[in-house]
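These notes are about the structure you will find just below.
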Amino acid sequence: MQNANRARTVTKSATSGSTRAKAKDSRSVGGRTKNSRDLNAAVREACLWMPETEEYLSHGSPNFRVRGKTFATYALNHHGDGRIALWLNAPAGAQSLYVKTEPKHFFIPPYVGPRGWLGVNLDKGIAWTRVAQLVREAYEKVAPPKLSVTLGKTPAIQPPSKELKTDQIDPLQSKHARSIVNALRKICLALPEVVEATQFGTPVWKAGKKSFACAYAYTGRPTLSFWVGADQQALLTSDPRYSVPPYLGHAGWIALDAGVACDWSEVRSLAIHSYRHFALKRMLAALER
């Protein structure tokens, strides 16, 4: 639920390209240095060596652009799809060709697929020399010609030497996040007629057909969300643990950062308040008994 309108620039490349890529070898990526060669580092090396490229966060995923035009998205377990992938703004015709002839390595990504973007599975054995070339082609599609002609030879990207950990692919699988989800699950399922479901790859709890609580970690930190109403939103956001989530915020929802210690009596009050807003009369009657 990361707000696209609050996209944040993380890293920029130098105009000299490969010199900058080498300089980033010692940078920390997800708590590791590039010397450990996990996949996150390899993706950034493949995307950031070209002139004037920059990385920014949008919808919880790292994106890469040049002069405001996005050419790649790094999508880990997007909405629970289990994929470790790059979405590339591929040249015309590339999507249909690659998806048809090599479905092991390529797919049509959601949202941007109808515009010709190409999904590339990064954990199915595709060569990183090829990944780098595909990224380059996506860059050249959107970059000004004056930048493209300065590229030179595509650098050889060293393949990752380590696989990503489960909680790097899905932050909700970390020990801390699982304990948070389990505690919220216990609170929610104790309420009348509540069921647990999955929505956009994350757990939600429903009163009848209406979701009243959810847990997610789109930015890497476990977050709990509930309906509180517009008036309570204004009060709660004075506390830095709270924020108004995108998409649901306009409907009166609040997001609580659960990456720090939770006050579970507070969480229970939020859950019950949200439940009462969506529950049917018979559910409310059962709650009072």
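Summary table
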read-out: Hey, Ala261 modelled with pLDDT under 95 and of a type outside the set (Ser, Thr, Tyr) or not; value: yes
read-out: Cys214 vs. criteria surrounded by 14 or more Cβ atoms within 10 Å (Cβ to Cβ), touching a residue at least 12 places away in the same chain (Cβ under 8 Å) and within 23 Å of the chain's Cα centre (by Cα); value: yes
read-out: Sole residue being touching a Gly at 6+ places or on another chain (Cβ under 9 Å), touching a residue at least 60 places away in the same chain (Cβ under 8 Å) and either farther than 26 Å from Leu57 by Cβ or part of a loop (DSSP other than H, G, I, E, B) (or both), chosen from Pro245, Pro155, Pro160; value: Pro155
read-out: Residue that is surrounded by 14 or more Cβ atoms within 10 Å (Cβ to Cβ), at positive phi and touching a residue at least 60 places away in the same chain (Cβ under 8 Å), where the choices are Gly229, Gly201, Gly220, Gly252; value: Gly201
read-out: Residue among Glu140, Glu163 that alone is acidic (Asp, Glu) and over 21 Å from the mean Cα position of the chain (by Cα); value: Glu140
read-out: Single unsatisfied condition, Thr73 versus (1) buried (at least 20 other Cβ atoms within 10 Å of the Cβ); (2) farther than 27 Å from Thr198 by Cα; value: (2)
read-out: Within segment 264-289, tally of residues that are assigned to a loop (DSSP other than H, G, I, E, B), surrounded by fewer than 20 Cβ atoms within 10 Å (Cβ to Cβ) and at pLDDT 95 or above; value: 1
read-out: So Gly229, is it farther than 20 Å from Asp167 by Cβ and not assigned by TED's automatic domain parsing to the domain that holds His78; value: yes
read-out: Among the candidates Pro103, Pro109, Pro91, Pro114, residue that is modelled with pLDDT of 95 or more, surrounded by 17 or more Cβ atoms within 10 Å (Cβ to Cβ) and not charged (D, E, K, R); value: Pro109
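The values are calculated or read from the model by the stated rules, or taken from the named source; none is laboratory data. As the structure is a prediction and not an experimental result, all values here were calculated from the model. Neighbour counts are summed over all protein chains in view; Cβ atoms, including those assigned to glycine, are modelled from backbone coordinates with ideal geometry.
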